[in-house]
Amino acid sequence: MNLKYQGVNSRGRRLWLETDLNQKIEEWQKEHYEKCVTELEVMLNRQLSKNELQHILWLSGWDKSTIDTFRGLFMDLKKA
């Protein structure tokens, strides 16, 4: 995960670039992305691959309840 601030987009929202994936994301999505990536890397005890990061980036664009459902599944797997 490598995020660089890009400024403000046309909607007035802070914009970030995930340089590892060359993808732009808004501030609200960045917060979900960082949290999920950090938790998964700690749980797996390794860095995520670009393919895995791409999936987490996609997931972080969903609403909070959907993200929380997936995070719950990840945490359940950790306990198993």
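The values are calculated or read from the model by the stated rules, or taken from the named source; none is laboratory data. For clarity, every value in this text was computed on a predicted model and none was experimentally measured. A quick note on method: Cβ atoms are made from the backbone with ideal geometry, for glycine too, and the neighbour counts reach across all protein chains shown. For accessibility, only protein heavy atoms count, side chains too; no ligands or nucleic acids. Shrake-Rupley method; radii C 1.70, N 1.55, O 1.52, S 1.80 Å.
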* Taking strands (runs of 3 or more DSSP E) that do not extend beyond the chain, which have at least 3 residues that are open to solvent by 70 Å² or more (accessible area, probe 1.4 Å)? -> 3-8
* If you check Q23, Q29, Q54, Q47, which single one turns out to be of a type outside the set (S, T, Y) and without any contact (Cβ under 8 Å) to a residue 24 or more places away in the chain? -> Q47
* Restricting attention to the range 60-73, which residues are out of contact with any helix residue (DSSP H, G or I) (no Cβ under 6 Å at 6 or more places or on another chain), hydrophobic (A, V, I, L, M, F, W, C) and under 28 Å from G7 (Cα atoms)? -> W62
